[in-house]
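Novice: Okay, here's the structure, questions in a sec.
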């Protein structure tokens, strides 16, 4: 478990301890959901774009939150898998589709 997720767990436990009674359960649940949504937003990729880390031989991919329920259907991942190698030097790239459908990879760690 990451340090941030551990901090989220502590925050939720403290929140639960501050509420008592059925009448406060709805408000407590809403606050817990807000804490976890904030945590998930932190995990998202910049601007909802894919992030690919290329080596000389392959790549790893971080998908935006909107894509994660459909990872096996991800056309960005599929298309990158057909590329012969990195778009430039190995490293980290933001990957996204332009309006015309062209897949673009912009280097992040220049």
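Novice: Can you sort 45, 82, 55 from fewest to most other Cβ atoms within 10 Å of each residue's own Cβ?
Specialist: Working: 45 18, 82 7, 55 11.
So the ranking, lowest neighbour count to highest, is 82, 55, 45.
Novice: I would also like to ask the following. Can you put 78, 97 in order, fewest other beta carbons within 10 Å first?
Specialist: 78, 97
Novice: Taking the Cβ of each residue in 74, 67 as the centre, tally the other Cβ atoms inside 10 Å and list the residues starting with the fewest.
Specialist: Details: 74 16, 67 19.
Ascending number of Cβ neighbours within 10 Å: 74, 67.
Novice: Compute the relative contact order of segment 46-107 as a whole-number percentage, counting only Cα pairs closer than 8 Å that sit 6 or more residues apart in sequence.
Specialist: 37
Computed from the coordinates by the stated procedures, all read-outs in this text should not be read as laboratory data. All values reported here derive from a predicted model rather than from experimental measurement. All Cβ positions, even for glycine, are placed from backbone atoms using ideal geometry, and neighbour counts span all protein chains on display.
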